[in-house]
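Since the structure comes first, as structure tokens, the remarks are kept for the end.
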Amino acid sequence: MTRINSAAELEELRQGILSKKDPDKPSIAICAGLSCLGLGNGTIISAFKEEINKQSLESKIDIVTTGCHGFCEKGPIVVINPEEICYLEVKPEDVPEIISQTVIEKKVIDRLVYTDPNSGEKATHMAEIPFYKNQMRVLLGNNSKINPKCIDDYLMIGGYSALAKALFEMSPVQVLEEVKIANLRGRGGGGFPAGRKWETTRNAPNEEKYVIVNAHEGEPGAYMDRALFQANPHSVLEGLIIGAYAIGSHQGFIYTRHDTPELRKNLDIALAQAEEYGLLGENILGSGFNFKVEVHFDVGIFVSGESSALMRSIEGKAPEPKPKYIRTSVNGIWDRPSNLNNVETWANVPQIISKGSEWYNSIGTDRSKGTKLISLSGHVCNSTIVEVPMGTSLKEIVYDFGGGIPNGKRLKAIHLGGPMGGTIPESLIDNPLDFDVLAKLGASMGAGDILVMDEGTCLVELARYFIDFLSGESCGKCVPCREGIRQMQNILTNMTKGKGREGDIELMEELAEVMGAAALCSLGRSVQNPLLSMLRYFRDEFEAHVKEKRCPAHSCKEAAIEGV
Amino acid sequence: MNNDRINGIFNKYQGQAGSLIRVMMEIQEEEHWLSREILVKISEKLEVPLSRVLRIATYYKSFSVTPKGRHEIQICTGTACHIRGAQSVLDTVQDLIGIKPGETDLDQKFSLETVNCQGSCTCGPMIKIDQVTQSRLSSAQIADLLKKYD
Amino acid sequence: MSEIILQIDGKEVTASEGMTVLEAAQQAGITIPTLCHHEKLDPYGGCRFCTVEAEVRGWTNFVAACLYPVANNLVVKTRSEKLNRIRKMILELLLAHAPDAFDLQDLAKEYGAKKDRFEKEASFCIHCGLCVRYCAEVKKKNAITFVDKGKTREISFIPEIASKECWSCKECFPLCPTEALQAAYVLVQALAFPSLESTPAE
């Protein structure tokens with residue numbers, strides 16, 4: 001690879017890559033996202049390699065292992081390009097037939113294509129499958145087209161042109177203004193306007209400033225950030241560099257989990273390739289702007305995703321939150337101004353710079369703009385990742401993309417935002433995906449993880465589960481959080497065992513008030529949110545456990561005194 | 001202990017207190033646990049108080065201060081796996097190998113631990129053995145699977 | 001250093017820049033109760049007992065007085081019904097661990113906190129961190145630390161250091177509001193340096 005020294009050279013390189021590419025050459029894109037990996041795509045990849053080898057077709061067919069395509073439930077997914085024929089639930093024994101029939105003969109194998117479970121209608125191409133057709137895949141759309149280990153693939157689809165535009169056609173302040181006008185709100189949970197946060201760090205009185213990608217993704221059931229980052233690492237990196245330019249930072253950090261080896265590998269390669277091309281390091285694209293990036297890892301604790309704890313961890317200390325009486329955007333890593341955004345937020349930045357804030361503002365609701373990645377899990381036919389415009393109804397997400405509730409059961413509730421989020425009942429799912437609407441309902445957008453629950457789910461049990469999770473994932477420094485969690489865990493465990501006592505619900509409410517006001521960090525102050533939302537909508541279920549020793553969902557076996 | 005590799009890690013980060021977590025992670029990945037001897041050595045090489053090294057070794061779930069078995073079983077207890085029956089998978093495994101999460105059996109054959117959401121919720125309830133993901137297994141399938149390891 | 005004027009409990013208080021609300025209050029003779037605070041140590045903010053209401057530009061926040069910096073036009077309330085509820089609850093949570101600690105009993109009387117609202121778990125330690133911080137900040141020995149996290153967090157002496165340093169020091173002992181510190185020390189002494197017990201320091 002040679003260094004790129006100007007915007008013109010970048011364009012030249014892109015044209016070079018495109019001209020070398022034969023648009024008619026068959027290529028087989030195999031999803032290597034975390035779910036497809038778990039569903040055995042490794043055997044599929046080796047089966048393809050073996051078959052191609054056997055038929056000596058190496059020079060005629062490309063194999064591309066890509067990141068997550070989103071339709072995880074139907075994995076392993078294989079897409080035959082250039083026709084974009086999409087095969088679902090592929091098994092190793094299907095491979096020879098796919099090569100001979102589809103790749104060579106250009107014939108579609110009927111049994112492997114998508115069949116609508118209701119109408120029985122088939123869809124051959126990715127773009128025709130309702131699951132994909134009805135999404136707005138601004139961030140995820142390229143996942144099935146590029147090899148995340150190959151920067152040329154990203155350049156081929158126009159990658160880093162937003163960076164070139166920012167560096168050569170815009171001043172840092174213009175970039176900042178564009179992001180502010182776009183109303184980009186942080187995708188990590190808080191929904192805080194990203195542009196305003198950038199501005200605070202930019203204006204903070206310290207020459208040394210930092211920008212950080214929060215790729216911690218500790219919320220159970222949230223896996224969209226890992227999917228996006230692993231599949232298209234350069235899109236996040238490009239956003240980070242643009243942000244650094246706007247803020248005036250020359251040092252970035254990526255904070256991610258250590259337990260996703262595929263993501264780590266892709267990230268290492270992406271950083272090395274970007275540096276070789278001169279997209280990172282000194283004098284980026286010949287613009288005079290310098291910026292480098294370091295990767296740091298969480299080694300297994302939820303609280304390290306909290307911004308001040310995360311910054312302690314980057315300093316090499318135990319990630320214990322620090323009270324944020326002075327914001328981290330002013331006083332962060334080593335007491336220097338540090339701007340933190342999550343993976344999805346950064347990935348939106350190149351889109352906004354390329355297409356403009358006006359375009360971005362045309363998507364979404366009044367105060368929540370753009371698209372949102374959602375990971376769906378639980379009692380839902382399709383556990384998947386989807387990208388939809390803000391404002392899409394929760395019902396559409398659960399039924400149209402999630403395919404509804406399996407086993408003929410009824411939807412009871414959905415939970416958003418994990419252990420610091422909230423539950424809303426089935427009766428409210430006509431509401432739109434919108435930061436402020438969800439907050440009013442007592443839920444929260446969180447990272448965009450939606451847990452679907454059928455009628456057999458007991459919410460006392462789920463409340464116990466979240467508290468149980470947090471008892472080992474908080475730092476334990478402050479009394480309200482550490483002791484509040486301990487006592488709530490005792491009370492909720494007793495309830496699920498039929499040992500709840502009169503007054504327990506009220507006692508938990510008292511605890512919740514104290515934790516919400518007096519705990520040290522935002523984790524401690526939000527721990528009680530799931531419980532409060534469940535008490536708001538399902539108080540009778542808690543009362544049944546306490547007063548009648550009965551579990552209305554017939555889930556807590558020890559509590560249920562059937563027939564009484 | 002693979003001294004060359006460990007020394008290689010130390011040489012790379014000598015005296016860099018800020019790299020403490022990184023060093024511990026690399027050694028944990030290499031050795032699968034952090035012995036007292038290693039922890040003391042980390043404290044010396046990185047010039048960090050032993051108290052901070054111990055604090056971090058016991059803070060993070062993925063660090064182990066006791067030796068691990070030959071095979072590491074990880075059971076995901078993320079929300080999606082939880083409501084799809086992770087507890088019964090955990091119960092089955094505990095019954096079969098006779099240890100609880102965080103423990104290693106006497107023969108040092110298996111170590112068992114629960115892990116947070118692994119991002120493959122479609123596969124739930126999910127279990128990983130030696131980093132290989134196994135999806136949606138029944139109790140009987142788990143029993144058959146565990147027999148394959150020695 | 002510039003002068004800052006704020007209001008605490010309706011009284012105008014003068015402080016200097018960089019001070020905490022707790023320091024400003026103490027200087028003005030206003031008592032804010034604390035548990036984990038010690039004048040020789042850096043502010044910690046762990047017990048949250050010094051929580052006060054701080055009003056900035058019309059917004060009221062609950063903040064730890066030991067950490068919150070003074071600012072002009074800040075309006076602080078150190079007593080309110082909600083603050084009383086918070087302090088009562090903190091005491092009740094701690095009494096589940098150390099029901100006989102004198103410091104806690106005195107405060108319990110003042111705030112009407114009951115001993116038996118929660119399931120007892122007599123670990124005695126209330127995690128004030130005075131011992132850990134004193135050893136690190138004043139003595140610079142780091143012989144005792146917190147280990148583990150969340151609800152299993154606890155204090156632990158480090159035998160390699162304690163066996164050399166603690167026998168002749170023990171300055172942390174009188175700081176402990178409960179019996180937990182002594183227990184931890186006796187344990188590590190018995191297990192890790194038993195020989196020292198018969199050979200007192202010279």
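The values are calculated or read from the model by the stated rules, or taken from the named source; none is laboratory data. These numbers were taken from a predicted model, which means no experiment stands behind them. Here the Cβ positions follow ideal geometry from the backbone for every residue, glycine too, while neighbour counts run over all protein chains shown. Just so you know, the surface numbers come from the protein's heavy atoms only, side chains and all, with ligands and any DNA or RNA stripped out. Shrake-Rupley method; radii C 1.70, N 1.55, O 1.52, S 1.80 Å.
Taking into account only those residues within region C:118-158 that are on the phi > 0 side of the Ramachandran plot and more than 12 Å from chain A (Cβ to nearest Cβ), which is surrounded by the most Cβ atoms within 10 Å (Cβ to Cβ)?
Of all residues in region C:118-158, those on the phi > 0 side of the Ramachandran plot come to C:124, C:127, C:129, C:140, C:142, C:148, C:150.
Still in the running and more than 12 Å from chain A (Cβ to nearest Cβ): C:124, C:140, C:142.
Values: C:F124: 19, C:K140: 8, C:N142: 21.
Among residues in region C:118-158 that are on the phi > 0 side of the Ramachandran plot and more than 12 Å from chain A (Cβ to nearest Cβ), the one surrounded by the most Cβ atoms within 10 Å (Cβ to Cβ) is C:N142.
Here is a list: B:A86, B:A143. Which entry is among the hydrophobic types (A, V, I, L, M, F, W, C) and either open to solvent by 40 Å² or more (accessible area, probe 1.4 Å) or within 14 Å of chain A (Cβ to nearest Cβ) (or both)?
When all the criteria are applied, what remains is B:A86.
May I ask you to list the residues in region A:11-53 that are without any contact (Cβ under 8 Å) to a residue 24 or more places away in the chain, aliphatic (A, V, I, L, M) and within 14 Å of chain B (Cβ to nearest Cβ)?
none
Wholly within region A:5-118, which helices (runs of 4 or more DSSP H) include no fewer than the required count, namely at least 1 residues that are modelled with pLDDT of 95 or more and open to solvent by less than 60 Å² (accessible area, probe 1.4 Å)?
A:7-20, A:41-54
So which residues in region A:256-308 are open to solvent by less than 10 Å² (accessible area, probe 1.4 Å), closer than 24 Å to B:L20 by Cα and assigned to a loop (DSSP other than H, G, I, E, B)?
A:T260, A:V299, A:I301 - these are the residues of region A:256-308 that are open to solvent by less than 10 Å² (accessible area, probe 1.4 Å), closer than 24 Å to B:L20 by Cα and assigned to a loop (DSSP other than H, G, I, E, B).
Do you know which residues across region A:353-391 are over 20 Å from A:M126 (Cβ atoms), β-branched (V, I, T) and surrounded by 24 or more Cβ atoms within 10 Å (Cβ to Cβ)?
If the condition is that a residue be over 20 Å from A:M126 (Cβ atoms), β-branched (V, I, T) and surrounded by 24 or more Cβ atoms within 10 Å (Cβ to Cβ), then A:I353, A:V380 are the ones that fit.
Could you check region C:97-117 and list, in sequence order, the residues that are modelled with pLDDT under 95, crowded, with 20+ Cβ neighbours inside 10 Å and not in a helix (DSSP H, G or I)?
C:H97, C:A98, C:A101
Give me the residue from region A:285-302 that is out of contact with any Ser or Thr (no Cβ under 8 Å at 6 or more places or on another chain) and within 14 Å of another protein chain (Cβ to nearest Cβ) and, out of that set, nearest to A:L240 (Cα to Cα).
Once the filter is applied, the top-ranked residue is A:E294.
Filter region B:22-46 down to the residues that are open to solvent by less than 30 Å² (accessible area, probe 1.4 Å), out of contact with any strand residue (DSSP E or B) (no Cβ under 7 Å at 6 or more places or on another chain), closer than 16 Å to A:R257 by Cα and within 9 Å of another protein chain (Cβ to nearest Cβ) and list them by number.
Those that are open to solvent by less than 30 Å² (accessible area, probe 1.4 Å), out of contact with any strand residue (DSSP E or B) (no Cβ under 7 Å at 6 or more places or on another chain), closer than 16 Å to A:R257 by Cα and within 9 Å of another protein chain (Cβ to nearest Cβ): B:M24, B:Q28.
Regarding A:S249, is this residue small (G, A, S), open to solvent by 30 Å² or more (accessible area, probe 1.4 Å) and either over 18 Å from the mean Cα position of the chain (by Cα) or within 20 Å of A:D225 (Cα to Cα) (or both)?
Values: small (G, A, S): yes; open to solvent by 30 Å² or more (accessible area, probe 1.4 Å): no; either over 18 Å from the mean Cα position of the chain (by Cα) or within 20 Å of A:D225 (Cα to Cα) (or both): yes.
Considered against the rule, which asks whether it is small (G, A, S), open to solvent by 30 Å² or more (accessible area, probe 1.4 Å) and either over 18 Å from the mean Cα position of the chain (by Cα) or within 20 Å of A:D225 (Cα to Cα) (or both), A:S249 comes out as no.
Identify, please: which residue in region A:160-192 is among the hydroxyl-bearing types (S, T, Y) and touching a residue at least 12 places away in the same chain (Cβ under 8 Å) and is, among those, most open to solvent (accessible area, probe 1.4 Å)?
That would be A:S161.
Yes or no: region A:535-545 includes at least one residue that is of a type in the set (S, T, Y), within 11 Å of chain C (Cβ to nearest Cβ) and assigned to a helix (DSSP H, G or I).
No, region A:535-545 contains no residue that is of a type in the set (S, T, Y), within 11 Å of chain C (Cβ to nearest Cβ) and assigned to a helix (DSSP H, G or I).
With respect to the numbered conditions (1) open to solvent by less than 10 Å² (accessible area, probe 1.4 Å); (2) part of a helix (DSSP H, G or I), which one is the sole condition not fulfilled by A:N339?
(2)
Among the residues of region B:105-119 satisfying the criterion of being in contact (Cβ under 8 Å) with a residue 40 or more places away in the chain and in a loop (DSSP other than H, G, I, E, B), which is nearest to the other protein chains (Cβ to nearest Cβ)?
Going through the qualifying residues, I end up with B:C117.
For region B:47-63, give me each residue that is touching an Asp or Glu at 6+ places or on another chain (Cβ under 9 Å) and more than 7 Å from chain A (Cβ to nearest Cβ).
Passing the criteria: B:L50, B:T58.
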